[in-house]
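Working notes, beginning with the structure itself.
Read-outs: derived from the displayed coordinates by stated rules, not from any lab. No experiment lies behind these values; they were computed from the predicted model shown. Please note: Cβ atoms are built from the backbone with ideal geometry, for glycine as well, and neighbour counts cover all protein chains shown.
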Amino acid sequence: MMSESHAGQLESTFSDDDRSFRWSDCLSLNGLTFALSVIGLGISGYLTYTHYDESALVCTAGGGCHTVQQSEYATIGPIPIAILGVGMFLVLMGLALVRIMRWEIISADAATMAAWGLTLSALFYYAYLVYVELFVLEAICQWCVGTTVITIAIFAIESLQLREAMAITDEDLID
């Protein structure tokens, strides 16, 4: 438990101006994007690791993970596509952190637009990969589905934030 004097130090360290950090920001949509990105990074990192050590791959749903991970679709040249997920989730974590900490590296609106665009493009690629899993390989990788679901959730969050950043109201959508 935090003492009152320590809590007072935290409050005095961060002023109330618009660019200051607030602990409540960690519980915001940006905090949720950050948390989901950490989970996505963990899964993508695990899939990257298992690309190089297939014995480490754990698949509980019918062995589809092994089929998908060993397929020609699991790499782009010599590079496992899971590394793309690692990169994407690292960038999303950074963009969320910029907004949470109110760093002036880029504007919060620009960070939101970048996160939205990144997740949108990732969803197009995931759609292709899901097609390959279902209709070409006829195998489903539960870990891949996990990153897809996480990315869909982040896209939904970023869509809400983009709507707010662009000041789009319900009336604008109806007109």
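The table below lists the values:
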{"item": "THR75 long-range amide H proximity, modeled H, under 5 Å", "result": "ILE81"}
{"item": "J(HN,Hα) series, the range 132-138, from Karplus relation 6.51 cos²θ - 1.76 cosθ + 1.60, nearest Hz, glycine and proline x", "result": "4, 4, 6, 10, 9, 7, 6"}
{"item": "Qualifying GluC sites (Glu not before Pro) in the range 19-119, DSSP loop, other Cβ atoms within 10 Å at most 11", "result": "GLU104"}
{"item": "Rough spin-label spacing in nm, given labels placed 7 Å along Cα→Cβ, for SER28 and TRP103", "result": "1.6 nm"}
{"item": "Length-normalised contact order for the range 25-165 - Cα pairs under 8 Å, 6+ apart - percent", "result": "36 percent"}
{"item": "Nearest-0.05 FRET efficiency for VAL38 and ALA110, computed from C-beta distance (R0 25 Å)", "result": "0.65"}
{"item": "Theoretical gain in end-to-end length, VAL91 to THR60 [0.36 nm per residue, Cα-Cα removed]", "result": "8.2 nm"}
